[in-house]
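The structure appears below as structure tokens.
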Amino acid sequence: MRRAAIAVVLCALVACSSDAKGAAPASSSAPTTTTTSATTSTTAPTTSTTTAPRFIWPAVDESGPGVVVSSTGVVLPIVGDGVVDTPCSNQAPADGTPILGANVVIDPGHGGNETGAVGPTGLIEKDVNFDVSQDVKQLLEAEGAKVVLTRTDDYNTTIKTRAEIAVDLHPQVFISIHHNAEPDGPSDVPGNESYYQIASPDSKRLAGLLWEEITNAFTPYHVAWAADTDHGAKYRPGTTGGDYYGILRRAAGITTVLSEAAFISNAPEEHLLADPAFRHVEAQAITNAITRFLATPDPGSGFVTPYPRTEPAGGGGGPEGCTDPTL
């Protein structure tokens, strides 16, 4: 969907300020990938992503068990009467400040000794993930949302604990923020990807909006992009047909999307991601996608049918080698 068209739709639906949630038929359009390298330029674009509508955030759902925040700021999901799971999925007493619900839960991928991907000059994915996640939280809170991060510092957190935090808080949106590695090859368009839950139309729509907003935000930067040939808003099935990615599978029932916004392993994109101004552009795009998901019926775009994958996505995310932070 073109930026101008989006603006017209938003103003027509919400007079540039309202709230309406609903799924719409997904677009079948898919992004195209070529092998032509773009002229390198990291100048900040003069254009921006679409202006998300302002609206009153819905009341948080406090029907779940909620979480507690420890004295050191660690978010701990409640898994029993007076019992929480630690970041490494060990059990501990539920000592801390309770939080019963949230509008949005943001998951900064990796952490601790799980670095995630590392760029050619040493930029570490876990650090970029956390910085972008903090920025998204601040932007959403400035709009009136109640937001919780699954990881509040640089420590290990299992996928199980991350998903439990979201399930316990019953947010309207749960997004896991990552940055990619090992692309299929060069591209003259951004190769951002957003993975959705196979069984959830809401997750698919959110993924399409996220792909759309990040694509609009990144396109004005003329660099030698990298991409998978099936980049876009997509899914990945596991061997039994359900979701391959644990964060999507374990958070079933919560509208969840896994974002892979840029290839940190690609030198020009690593250079962009090292710039706080570019990371802020990404955070604003994610914020816009979340707000549009809740405030409009926009269907999103960039939906593709992925090619079959058999290689593992990488290790980590389990309790093996996990060290809990001080609670």
Problem set entry | Sequence of His170, His231 when ordered by accessible area, the most exposed leading, probe 1.4 angstrom | His170, His231
Exercise. For Val118, Val189, what's the largest-to-smallest order of accessible area, 1.4 Å probe?
Worked result: Val118, Val189
Problem set entry | Stretchable slack from Ala267 to Asp154, in nm (0.36 nm times residue separation minus alpha-carbon distance) | 38.3 nm
For this session: At a Cα cut-off below 15 Å, give the aspartates and glutamates reachable from Lys146, other chains included and same-chain residues fewer than 8 away excluded.
Result: Asp61, Glu62, Asp107, Asp135, Asp168
Problem set entry | Cα-projected label distance for Val118 with Ala224, points at 7 Å along beta-carbon direction, nm | 2.3 nm
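Please say if segment 263-302 is rounded, prolate or oblate, where rounded means a/c under 1.5 for a ≥ b ≥ c the square roots of the C-alpha gyration tensor eigenvalues, and otherwise the choice is prolate for a/b larger than b/c and oblate otherwise?
Oblate.
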Problem set entry | Inter-site label distance for Glu320 and Thr239 at 7 Å from Cα along Cβ, in nm | 1.5 nm
Exercise. Once the Cβ-Cβ distance between Val83 and Ala313 is put in as r, and R0 is 22 Å, what FRET efficiency do you end up with, to the nearest 0.05?
Worked result: 0.10
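The values are calculated or read from the model by the stated rules, or taken from the named source; none is laboratory data. All figures in this text were calculated on a predicted structure; none of them were measured in a lab. For neighbour counting, all protein chains shown are included, and Cβ atoms are generated from backbone atoms with ideal geometry for every residue, glycine included. For the accessible areas, the whole protein counts, side chains as well, though only heavy atoms, and no ligand, DNA or RNA atoms are used. Shrake-Rupley method; radii C 1.70, N 1.55, O 1.52, S 1.80 Å.
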